[in-house]
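Enquirer: The structure is given below, and queries will be raised subsequently.
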Amino acid sequence: MDGISLDVPAGSFFGIVGPNGAGKTTTLSMATGLLRPDFGTAVVHGVDVWARPLEAKRLMGILPDGVRLFDRLTGEQLVTYAGLLRGMDKDVVASRVGELLTALDLAQDAGTLVVDYSAGMTKKIALASALIHAPRLLVLDEPFEAVDPVSAANIRSILDSYVASGGTVIVSSHVMDLVQRMCDHVAVVSAGRLLAAGTVDEVRAGASLEDRFVQLVGGRSHTEGLEWLRTF
Amino acid sequence: MVAHLLRLKLTLLRNGLRRSPWQLVGIAFAGLYALGVVATLVVVLVLLRRAEPELVQTAVVLGGAAAILGWGIIPVVASATDMTLDPARFTTFAIPMKQMLAGLALGGLIGIPGLATTLVALATVVSWSRGVLPAVAALVGAVLGVLTCIVLSKVVTTATASLAASRRFKDVSAIAFMVPLVLLGPIVAGVSRGISASAGFLPEFAQAMSWTPLGAPWAIAGDLEAGQPGAAALKLLISVAVLAGLTWCWKLLLERALVSPPYSGSGKRKGGKLGLFGLLPAVPAGAVMARSLTYWIRDPRYSGSLIVVPLLPVVLVFQGSQTGDFSTLALLAPLTAFILAWSISADVSYDNTAFALHLASGVRGVHDRLGRALACLAFALPVVLAFAIGHAAFAGEWASLPAQLGLSLGILLTGLGLSSVVSARYTVAVPLPGDSPFKKPPGNVGQTLAVQFAGMGILFVLVLPEAALLIAQLVTGNSLFGWLNLAVGLLLGLALLVTGVRLGGKWLDARGPELLAQVTVNR
């Protein structure tokens, strides 16, 4: 990473986009207390993540990408576990787990071990674990990967109403269309550097976010060569 | 195409080694071990050249039959078999079936088991080099035998591929494999006693075996040497027919596997059963304890070590019955205490990156440590107590019970405290979640060994008071030392457990992200 500085307004739906290997996951890990940065700070609602980690983590719900889950638990057990780890009350956890699993269309598989879940279901159960304690900030790394369209729509409407009621969401993605439709703010990251940040309309400057992104990041190769692919 | 498949296999092997020099060291050790075994067998086979033909025939046929049997059985129980050339991965390439079969079969020869089997099989040619005809027959037999080994294992793995892909089967077979492994001593002793009692029966057994698909290829040369060309020809026919039949089966299975990739699913199950999470107190430490206990039951990497525990007394009693001296049985309770307490010293390594949940939730380190230690204590305490009391009852040594309890509880509690510190600071190379407990773990073998040895050394020092009191009682015969031992074991053990949980918790709070980074390397 090359000295990224990002300001995420409270109550915004913030998208971080960038090509593969741009440093999205690394940035989010350092901002959420999972990976210690060499220098710099991360502040959530006035709480320094690295100076007062326990307090900061209470404010955050995190869906990390590329980490395992305790997958020998059933879906229901895993979300319950996430709630209890945060010191929540048993009855509150139980009622929220039921609602979350229903909202994410996992109620039918609540008693199945997470190891037997499909990729999309695993993503959803991890999301449920991040939501259980009603955080003020949600940090979701690639939340829609492998999730079916219906579930993705459900998740989006959950997130929309969450933001409407004052919550803040940060998502990383490389699906530009999704970010353009869903987010109100966006940051473009490439090779560990911040290329652009602001509201979606500011960043895309009239063009579609995808075209603007390609223009910012560069590296689009023109479809010359590969003639043999058109000759059969 | 065959050459391509072979080159692919070699490249996969080489790139696998390139990932870390320690892996190379691991392969080198495995290779050295295999080389030792192979060299011994080859020397024996060469020496057999001067032996009675009947003895050679018996040894070669029985050994060869065992090899074929092994190639057939081991892939089923060890779900960690080499699937680098898994046919399912070639589904998208249109490879002609014949070349695919030849390539995969020869690919099976590359690797330590394949090479070792080939070398030993070729050594039988030396044993039978008593004339041109037997030597050539031995060569033909060896080639047929080795190919039968490979094709049989391919048939078995392909047939069970969809079965082996199911998680439940993997879990059960991995644990089931543990049982014969632990009981290896008694089994070997029993079998060898049986064999030595019936040495005269072995040649007959080999003779019978030589008519079966397992023994036929290895018996051809011996029959020629014994002047029975008819029998030799028949056995050659049997071997060729079996090999052809197996290859045909394999082809059918492969054709099926290529169009229908293994499906590993399980039925949907509704929730409502929280298991231990509903029983234990709903606080962070209680939740960690419930999760750990659930893993002790459901994760074969944990339950595999759990299944060793009830087998320990079996092994020790058997050993005692062999020598008539049951004094080693006194080790049962302390040894069990050590094994169980030390087993959680790699807890975070076993979690792998799932540990991120603890970190993201802001669990306090001390709760994390306490939950894991209590989970282990929950079943280790009754087991150790039962073993100590059981030993006293079995040996009729009630006078030594307090000392036994003191030492065992001391080791258990101290060990749990030490493990809580160790797993908060160091990661070790363990099989990844979902892998077989026997799979060679990725990661730093050097650090693993260092952590294990240093940890055991420190544990030894920490339980010196209990050990000293035990010795004092043995020397003086004064039972006061035994009661003192019980008190010291309990109190000192508890104190060290609390210290360990606190210190481990503190380190975990300070270094959680670094620990996560360390386990991330091995995912």
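Enquirer: Restricting the search to segment A:28-54, which residues are within 8 Å of another protein chain (Cβ to nearest Cβ) and under 27 Å from A:Ser95 (Cβ atoms)?
Expert: Across segment A:28-54, the qualifying residues are A:Thr32, A:Leu54.
Residues checked against (1) outside any helix (DSSP H, G or I); (2) at pLDDT 90 or above; (3) touching a Ser or Thr at 6+ places or on another chain (Cβ under 8 Å); (4) closer than 30 Å to B:Gly304 by Cβ:
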site: B:Ala123; (1), (2), (3), (4): no, yes, no, no
site: B:Pro134; (1), (2), (3), (4): no, no, no, no
site: B:Ala137; (1), (2), (3), (4): no, yes, no, no
site: B:Val143; (1), (2), (3), (4): no, yes, no, no
site: B:Leu147; (1), (2), (3), (4): no, yes, no, no
site: B:Leu163; (1), (2), (3), (4): no, no, no, yes
site: B:Phe169; (1), (2), (3), (4): no, no, yes, yes
site: B:Val172; (1), (2), (3), (4): no, no, no, yes
site: B:Ile175; (1), (2), (3), (4): no, no, yes, yes
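Enquirer: Next up: Please specify each residue of segment A:116-129 satisfying the condition of being surrounded by fewer than 19 Cβ atoms within 10 Å (Cβ to Cβ) and either of a type outside the set (Ser, Thr, Tyr) or assigned to a helix (DSSP H, G or I) (or both).
Expert: Of everything in segment A:116-129, those that are surrounded by fewer than 19 Cβ atoms within 10 Å (Cβ to Cβ) and either of a type outside the set (Ser, Thr, Tyr) or assigned to a helix (DSSP H, G or I) (or both) turn out to be A:Ala119, A:Gly120.
Enquirer: Restricting to segment B:366-414, count the residues that are more than 12 Å from B:Ala330 (Cβ to Cβ) and not hydrophobic (A, V, I, L, M, F, W, C).
Expert: Result for segment B:366-414: 11.
Enquirer: Inside segment A:50-62, can you point out the residues that are crowded, with 24+ Cβ neighbours inside 10 Å and of a type in the set (A, V, I, L, M, F, W, C)? Can you show your working first?
Expert: Taking segment A:50-62 as the starting set, the residues that turn out to be crowded, with 24+ Cβ neighbours inside 10 Å are A:57, A:60-62.
The answer is A:Met60, A:Ile62.
Enquirer: If you go through segment B:278-289, how many residues are in a helix (DSSP H, G or I), facing another protein chain (nearest Cβ under 9 Å) and in contact (Cβ under 8 Å) with a residue 24 or more places away in the chain?
Expert: Result for segment B:278-289: 4.
Enquirer: In this structure, is A:Leu78 under 16 Å from A:His133 (Cβ atoms), at the interface with another protein chain (Cβ under 10 Å from one of its Cβ atoms) and either surrounded by 23 or more Cβ atoms within 10 Å (Cβ to Cβ) or in contact with a Gly (Cβ under 7 Å, 6 or more places away or on another chain) (or both)?
Expert: For A:Leu78, the condition - under 16 Å from A:His133 (Cβ atoms), at the interface with another protein chain (Cβ under 10 Å from one of its Cβ atoms) and either surrounded by 23 or more Cβ atoms within 10 Å (Cβ to Cβ) or in contact with a Gly (Cβ under 7 Å, 6 or more places away or on another chain) (or both) - is met.
Enquirer: Which one of the conditions (1) more than 28 Å from B:Arg168 (Cβ to Cβ); (2) at pLDDT below 90; (3) surrounded by fewer than 18 Cβ atoms within 10 Å (Cβ to Cβ) does A:His45 fail to meet, given that it meets all the rest?
Expert: Among (1) more than 28 Å from B:Arg168 (Cβ to Cβ); (2) at pLDDT below 90; (3) surrounded by fewer than 18 Cβ atoms within 10 Å (Cβ to Cβ), the lone unmet condition for A:His45 is (2).
Enquirer: Which of the residues belonging to segment A:116-143 are farther than 19 Å from A:Ile62 by Cα and either under 20 Å from the mean Cα position of the chain (by Cα) or in contact (Cβ under 8 Å) with a residue 40 or more places away in the chain (or both)?
Expert: A:Tyr117, A:Ser118
Enquirer: Where the second residue is among the β-branched types (Val, Ile, Thr) and the first is on the phi < 0 side of the Ramachandran plot and lies in segment B:376-396, which pairs have Cβ atoms under 6 Å and are six or more apart or on separate chains?
Expert: From residues that are on the phi < 0 side of the Ramachandran plot, the pairs are B:Cys376/B:Ile344; B:Val384/B:Thr336; B:Phe387/B:Thr336.
Enquirer: Please enumerate the residues belonging to segment A:98-115 that are in contact (Cβ under 8 Å) with a residue 24 or more places away in the chain, facing chain B (nearest Cβ under 8 Å) and either assigned to a helix (DSSP H, G or I) or closer than 16 Å to A:Ala134 by Cβ (or both). Break it down stepwise before answering.
Expert: Start the filter on segment A:98-115 by keeping residues that are in contact (Cβ under 8 Å) with a residue 24 or more places away in the chain, which leaves A:100-101, A:103-106, A:109-115.
Checking the rest, the ones that are also facing chain B (nearest Cβ under 8 Å) come to A:101, A:109-113, A:115.
Listed by number, the residues that qualify are A:Leu101, A:Asp109, A:Val115.
Enquirer: Further, regarding this structure: Looking at B:Ala197, B:Ala231, can you tell me which residue is surrounded by fewer than 20 Cβ atoms within 10 Å (Cβ to Cβ) and out of contact with any helix residue (DSSP H, G or I) (no Cβ under 9 Å at 6 or more places or on another chain)?
Expert: Checking each option against the conditions leaves just B:Ala197.
Enquirer: Can you list the helices (runs of 4 or more DSSP H) lying wholly within segment B:177-259 that have 2 or more residues being at pLDDT below 75?
Expert: Once the helices (runs of 4 or more DSSP H) in segment B:177-259 are filtered for at least 2 residues that are at pLDDT below 75, what remains is B:184-197, B:229-259.
Enquirer: Within segment B:471-480, how many residues turn out to be exposed (fewer than 14 other Cβ atoms within 10 Å of the Cβ) and outside any loop (DSSP other than H, G, I, E, B)?
Expert: 5
Enquirer: If I go through segment B:471-480 residue by residue, how many of them are of a type in the set (Ser, Thr, Tyr) and either out of contact with any helix residue (DSSP H, G or I) (no Cβ under 7 Å at 6 or more places or on another chain) or within 14 Å of another protein chain (Cβ to nearest Cβ) (or both)?
Expert: If we filter segment B:471-480 for residues that are of a type in the set (Ser, Thr, Tyr), which is where we start, we get B:476, B:479.
Remaining after also requiring either out of contact with any helix residue (DSSP H, G or I) (no Cβ under 7 Å at 6 or more places or on another chain) or within 14 Å of another protein chain (Cβ to nearest Cβ) (or both): B:476.
Total satisfying the criteria: 1.
Enquirer: Step by step: first the residues of segment A:6-25, then only those that are within 22 Å of A:Leu216 (Cα to Cα) and either of a type in the set (Lys, Arg) or touching a Gly at 6+ places or on another chain (Cβ under 8 Å) (or both), then the one that is farthest from the other protein chains (Cβ to nearest Cβ). Which residue is that?
Expert: A:Pro19
Conditions tested, residue by residue: (1) touching a helix residue (DSSP H, G or I) at 6+ places or on another chain (Cβ under 6 Å); (2) farther than 20 Å from A:Arg96 by Cβ.
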{"site": "A:Asp116", "(1), (2)": "no, yes"}
{"site": "A:Gly120", "(1), (2)": "no, yes"}
{"site": "A:Lys123", "(1), (2)": "no, no"}
{"site": "A:Ala134", "(1), (2)": "no, no"}
{"site": "A:Val139", "(1), (2)": "yes, no"}
{"site": "A:Phe144", "(1), (2)": "yes, yes"}
{"site": "A:Asp148", "(1), (2)": "yes, yes"}
{"site": "A:Asn154", "(1), (2)": "no, no"}
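Enquirer: Same structure, new question: Being more than 27 Å from the chain's Cα centre (by Cα) and of a type in the set (Val, Ile, Thr) is the filter here, so list the residues in segment B:341-389 that pass it.
Expert: Result: B:Val363, B:Val366, B:Ile389.
Enquirer: If you don't mind, another one. Determine whether A:Gly166 is within 12 Å of chain B (Cβ to nearest Cβ) and either assigned to a loop (DSSP other than H, G, I, E, B) or modelled with pLDDT of 90 or more (or both).
Expert: So A:Gly166 fails the test.
Residue-by-condition table, conditions (1) at pLDDT 80 or above; (2) exposed (fewer than 15 other Cβ atoms within 10 Å of the Cβ):
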position	(1), (2)
B:Val2	no, no
B:Lys9	no, no
B:Arg14	no, yes
B:Ser20	no, no
B:Leu24	no, yes
B:Ala28	no, yes
B:Ala34	yes, no
B:Thr40	yes, yes
B:Leu45	yes, no
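Per-residue answers, yes or no, for (1) crowded, with 16+ Cβ neighbours inside 10 Å; (2) in a helix (DSSP H, G or I); (3) more than 14 Å from chain A (Cβ to nearest Cβ); (4) in contact with a helix residue (DSSP H, G or I) (Cβ under 7 Å, 6 or more places away or on another chain):
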residue: B:Phe460; (1), (2), (3), (4): no, yes, yes, no
residue: B:Leu469; (1), (2), (3), (4): yes, yes, yes, yes
residue: B:Gly482; (1), (2), (3), (4): yes, yes, yes, yes
residue: B:Leu492; (1), (2), (3), (4): yes, yes, yes, yes
residue: B:Arg502; (1), (2), (3), (4): yes, yes, yes, yes
residue: B:Ala510; (1), (2), (3), (4): no, yes, no, no
residue: B:Leu515; (1), (2), (3), (4): yes, yes, no, yes
residue: B:Val519; (1), (2), (3), (4): yes, yes, no, yes
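Enquirer: Let me ask you something else. Name, by its number, the condition in (1) without any contact (Cβ under 8 Å) to a residue 12 or more places away in the chain; (2) part of a strand (DSSP E or B); (3) of a type in the set (A, V, I, L, M, F, W, C) that does not hold for A:Ala196.
Expert: With (1) without any contact (Cβ under 8 Å) to a residue 12 or more places away in the chain; (2) part of a strand (DSSP E or B); (3) of a type in the set (A, V, I, L, M, F, W, C) applied to A:Ala196, the lone miss is (1).
Enquirer: Across segment A:55-75, what is the total count of residues that are closer than 20 Å to A:Pro9 by Cα, within 7 Å of chain B (Cβ to nearest Cβ) and touching a residue at least 40 places away in the same chain (Cβ under 8 Å)?
Expert: Residues flagged as closer than 20 Å to A:Pro9 by Cα, within 7 Å of chain B (Cβ to nearest Cβ) and touching a residue at least 40 places away in the same chain (Cβ under 8 Å) within segment A:55-75 amount to 2.
Enquirer: Determine if segment A:151-161 includes at least one residue that is part of a helix (DSSP H, G or I), surrounded by fewer than 14 Cβ atoms within 10 Å (Cβ to Cβ) and among the charged types (D, E, K, R).
Expert: yes
The values are calculated or read from the model by the stated rules, or taken from the named source; none is laboratory data. From a predicted model like this one, the values you see are computed outputs, not experimental measurements. Quick reminder, even Gly has a Cβ in these numbers, built from the backbone with ideal geometry, and neighbours come from all protein chains shown.
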